[in-house]
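These notes concern the structure reproduced below.
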Amino acid sequence: MQRSAPPQQELLEIAVDVARDAAATAHRMRAEGVSVAATKSTVTDVVTAADRAVERQVVDALRRVRPDDAVLGEEYGAGDGTPAAGAARVRWIVDPIDGTVNYLYGLPYCAVSLAAEVDGAVVAGVVRNVATGEEWTATAGGGAYRGGRRLRCSGETDLGQALVATGFGYDAGRRAHQARVLAELIPHVRDIRRQGAAALDLCLVAEGRLDAYYEKGLAAWDQAAGALVATEAGLRVGGLGGRAAGPDLVIAAPPALFGPLHDRLAALDASGGP
Ligand code: IPD
């Protein structure tokens, strides 16, 4: 029989403990020097030894405290001896290092992202910047926080004044399409930021340090924790045409900006292309 799910605050406390240790490992390994261990979808989609070591550490730590839970990770998928997702009410979703290219280059914009789902809905999440130690947390219905401060998204209502972040996939054809969308969007917004870690982009949008964010091609581990932080800070997070945010498109915008940004992106076929 499946175990009952614990309160989301308890899941958050586990997530925070595990993510802090994971970020410490990533930080230490960065200081010791880092190189490419392998490539994935394309030659620019890199994996470092730290991505793998950190994910293993997270899976092992979760297995010690929550042995019956499922885990989905960027580097090792759903395997690694954890229960199948269908057999567990709780599933953890981990991106050991979001912003791997920044990590490789020593740019201080990369994070450990860890979320807990119960029955398919994300209920707790933490994103911790490996370089700076900044940490964002959220629970479903319980708000989003950084350093004890409750977060509220930007109150911007004019898309023309909005600072909009986005990102690009690793496939050259996809990037070409994303660049065409961007070229058509940029005249209609204040400016664009491409910082290289989707989880952190979503957290900065949650704080109003960016007004809005969109991206095609995100995997669950890129956005699970960050999207909860954004939602809990008052952003509307969704896809095109009333669909949920997903690989086709993630849009995170304050309620007044969501419609105008959505309509621009739909007209530009932002979820299209390879
Ligand atoms: C990537 C980053 C990047 C986004 C890419 C992601 P990774 O994740 O979040 O900002 O634009 O779509 O794949 O590969 O660094 O974990």
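Bear in mind these aren't lab numbers, they're just calculated from the coordinates by the rules spelled out. All figures in this text were calculated on a predicted structure; none of them were measured in a lab. As a convention, Cβ positions derive from the backbone with ideal geometry for all residues, glycine included, and neighbour counts pool all protein chains shown.
Observations on the model:
- Amide H to amide H, with H built 1.01 Å from N, residue 45 comes under 5 Å of 40, counting only residues 5 or more places away or on other chains.
- Against the main long axis of the alpha-carbon atoms of the chain, helix 220-232 sits at an angle near 70°.
- When the chain is reduced to its Cα atoms, the Kirkwood hydrodynamic radius in Å: 18.6 Å
- Computed about the Cα centre, the dipole magnitude for region 107-204 is approximately 200 debye when only Lys and Arg (+1) and Asp and Glu (-1) carry charge, each at its Cβ.
- A dipole drawn for the chain from +1 and -1 charges on Cβ atoms has a positive end, and of 35, 132, 47 the residue lying farthest that way is 132.
- Scanning residues 5 or more positions from residue 78 or on other chains, those with amide H under 5 Å from its amide H are 73, with H placed 1.01 Å from N in the peptide plane.
- A straight line joining the Cα centroids of region 147-219 and region 1-72 runs 25 Å.
- Derived scalar couplings ³J(HN,Hα) [region 252-269; Karplus, 6.51 cos²θ - 1.76 cosθ + 1.60; whole Hz; x for Gly, Pro]: 10, 8, x, x, 6, 9, 4, x, x, 5, 4, 5, 4, 5, 5, 5, 8, 6
- Residue-wise HN-Hα couplings along region 58-63, as the Karplus relation 6.51 cos²θ - 1.76 cosθ + 1.60 with θ = phi - 60° gives them from phi, are 5, 4, 5, 5, 5, 5 Hz; Gly and Pro carry x.
- For region 120-129, Karplus couplings with θ = phi - 60° (6.51, -1.76, 1.60), whole Hz, Gly/Pro x: x, 10, 6, 10, 8, x, 9, 10, 10, 5
- DSSP-defined beta bridges in region 119-274 - what % are antiparallel, rounded to 5: 75 percent
- Estimated FRET transfer efficiency (residue 263, residue 119; beta-carbon r; R0 30 Å; 0.05): 0.35
- Region 147-243: proportion of alpha-carbon pairs further apart than 17 angstrom, %: 52 percent
- Rg followed by Dmax, in Å, when region 189-247 is reduced to its Cα trace: 10.8, 29
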